[in-house]
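K.L.:
One structure coming up, written as structure tokens, with questions to follow.
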Amino acid sequence: MCDFFSSLKEMGISQIGLSITYDKNLVSVSLLPKSESNDKSLKKLKALTISLPVNEMDERFFEIINEPLEKTKVGFNNVEAYEKSLQDKLSKTESGKKQKESVSKDVKSLQEFVGKNGFNPLKDHKTAIEMAEKILAVNPNQKDAKKVIKDMSAYTEPSLF
């Protein structure tokens with residue numbers, strides 16, 4: 001009996017509600033595993049209740065609860081892993097959306113810069129190339145940025161012939 005809590009901890013469920021009721025020579029133990037998950041169905045989980053004579057409960061308690069708690073732990077882990085994966089994907093999607101919006105703004109700025117009346121490719125080609133390279137670092141297939149680099153590269157090393 002000195003390893004009761006250690007044995008419960010080894011079940012691998014981080015939170016367990018425990019209720020013990022004695023009635024003459026019988027003991028009833030209710031265990032309610034709790035999950036860190038936000039899943040509503042896991043919050044509605046019913047308690048595992050065992051009623052046995054006290055001496056039999058002493059001898060067989062962990063043997064009896066091992067299989068149901070193992071299944072519960074696997075279920076909790078699956079749901080928690082799914083939720084974590086979903087959250088990771090959502091954050092990547094949000095990050096991707098923000099990145100796409102940022103590239104879109106940068107492309108618009110590049111187009112405005114190159115298309116403005118005072119744009120002088122001999123003087124402004126380096127800035128245009130830097131803006132295009134910034135866009136290509138995020139989206140290597142961005143056609144407008146590729147075109148600007150191609151067009152402006154003629155001004156990086158002017159040829160007299």
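K.L.:
So, in the range 13-31, of the ones that are surrounded by 14 or more Cβ atoms within 10 Å (Cβ to Cβ) and under 27 Å from the mean Cα position of the chain (by Cα), which residue ends up nearest to VAL74 (Cα to Cα)?
P.N.:
ILE13
K.L.:
In the range 16-31, is there at least one residue being charged (D, E, K, R), farther than 30 Å from ALA132 by Cα and at pLDDT 85 or above?
P.N.:
Scanning the range 16-31 turns up at least one residue that is charged (D, E, K, R), farther than 30 Å from ALA132 by Cα and at pLDDT 85 or above.
K.L.:
In the range 37-47, is there at least one residue being over 30 Å from GLN87 (Cβ atoms) and more than 25 Å from the chain's Cα centre (by Cα)?
P.N.:
No, the conditions are met nowhere in the range 37-47.
K.L.:
Another one. Filter the range 127-145 down to the residues that are over 15 Å from SER109 (Cα atoms) and not aliphatic (A, V, I, L, M) and list them by number.
P.N.:
Answer for the range 127-145, where residues must be over 15 Å from SER109 (Cα atoms) and not aliphatic (A, V, I, L, M): ASN139, PRO140, ASN141.
K.L.:
For the range 32-49, how many residues meet the condition of being among the charged types (D, E, K, R), over 20 Å from GLU10 (Cα atoms) and free of Cβ contacts under 8 Å to residues at least 24 places away in the same chain?
P.N.:
Of the residues in that region, 4 qualify.
K.L.:
Quick check on VAL138: is it over 30 Å from SER37 (Cα atoms) and surrounded by 15 or more Cβ atoms within 10 Å (Cβ to Cβ)?
P.N.:
It is false that VAL138 is over 30 Å from SER37 (Cα atoms) and surrounded by 15 or more Cβ atoms within 10 Å (Cβ to Cβ).
K.L.:
For the range 105-129, which positions are surrounded by 12 or more Cβ atoms within 10 Å (Cβ to Cβ) and under 17 Å from SER153 (Cβ atoms)?
P.N.:
Correct list: LEU110, PHE113, VAL114, PHE119, PRO121, ASP124, HIS125, THR127, ALA128, ILE129.
The values are calculated or read from the model by the stated rules, or taken from the named source; none is laboratory data. Note that the coordinates shown come from a computational prediction; the quantities given were computed from them, not determined experimentally. Cβ: placed from backbone, ideal geometry, glycine included. Neighbour counts: every protein chain shown.
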